[in-house]
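For reference, the structure is listed below as structure tokens.
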Amino acid sequence: MKTKKGITYAVSIAITLLHILPFYLLLTTSLKPITDLSSKWRLPTKIDWSNFTKAWEGADLGRAFINNFVITAFALLIVILLGSCAAYPLSRFQTKLNKSVYTVIIATLIVPPLTILVPLYQFYIDINGMNTYWGVILLHVTFSLPMAVFLYTGFIGTIPRELDEAAMIDGLSRFRLFFTIILPLLKPIMATVLIMTGIHVWNDYQFSVFFLQKVDMRTITVALASFFGPNTNRINWVAAGSLLAALPATLLYLFMQRWFISGLASGAVKG
């Protein structure tokens, strides 16, 4: 028994270290002067806080943060609203049509977004969706919605149907039943969707670099990528900017982690 526990602890520590090491390297790099060419594994002998201010000013991170907040907030709002509304009938009414629709939605999860990038790019040029908030928000909603529907459908399946029947006997319509009774019960899975989708949209690079090419529309990841070039390599500034960019997502997770874990487990089991 003791040997089994020891192996469990050793594996847990190894996994923890694997996750911590990238942050350690990021921190040491961000605190070293740009003239310090020592190994990234060594702690800095002299801390240089100016990397953070230079990254903020050089990449215009103030503007990039605003762009990220606008895109992430609206994408999340639409995904949460549409995902929950679509999942309720798919979970409650197991008709052949609903099962087919659900299967098609889940099947889209296996389509890598980059495989349709070229036709999508041309389509966005045709509809004037390049360098617009609504254009990139629409992209994120399209590719995030299937996972949200999957998680919501599984979670709603754990809510007793008797609750619906009792509410309808009391005179509630399906519309009021969903928004006044079912929706408040979806907080755990809503937190899961919020964190998973939010982090994905916040850290996005693949869509932003192609569909937001104007300087004043750049997101944080694209703005930080501008520090790399054929003759430049401001890795210290990129590390400092990456730490600043990670703060909102970290705070969001710390605030919602108890709902995130329970929601993910419930949605995955029934989904």
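The values are calculated or read from the model by the stated rules, or taken from the named source; none is laboratory data. Just so you know, these numbers come straight off a predicted model, no measurement behind them. We place every Cβ from the backbone using ideal geometry, glycine too, and count neighbours over all the protein chains shown. Surface areas here come from the heavy atoms of the whole protein model, side chains and all, with no ligands, DNA or RNA. Shrake-Rupley method; radii C 1.70, N 1.55, O 1.52, S 1.80 Å.
Here is how the numbers come out for the structure above:
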| read-out | value |
| --- | --- |
| Estimated dipole of the chain in Debye, rounded to 20 [Cβ of Lys and Arg +1, of Asp and Glu -1, Cα centre] | 800 debye |
| Å² of accessible area per residue within segment 1-108, as computed with a 1.4 Å probe and no ligands counted | 67 Å² |
| Top positive-direction residue, dipole computed over the chain with Cβ charges, set THR72, ALA191, LEU97 | ALA191 |
| Residue-normalised accessible area of segment 201-240, expressed per residue, 1.4 Å probe, Å² | 47 Å² |
| Centre separation in Å (Cα based) which lies between segment 40-59 and segment 148-180 | 52 Å |
| Lysine pairs meeting the criterion (Cα under 22 Å, 8 or more apart or interchain), as found in segment 26-97 | 5 |
| Packing-based order for 144-153, 75-84, 53-62, 164-173, using average beta carbon neighbours within 10 Å, highest first | 144-153, 75-84, 53-62, 164-173 |
| Sum of side-chain charges, LEU163 neighbourhood, beta-carbon under 12 Å (Lys, Arg +1; Asp, Glu -1) | -2 |
| Residue-averaged [θ]222 nm for the chain, counting only DSSP H segments that reach four residues, each worth -39500 (n - 2.57) | -23500 deg cm²/dmol |
| Surface share of carbon and sulfur [accessible, 1.4 angstrom probe, percent] for the chain | 71 percent |
| Full-extension gain in nm, PHE93 to LEU37, via 0.36 nm per residue minus C-alpha separation | 13.9 nm |
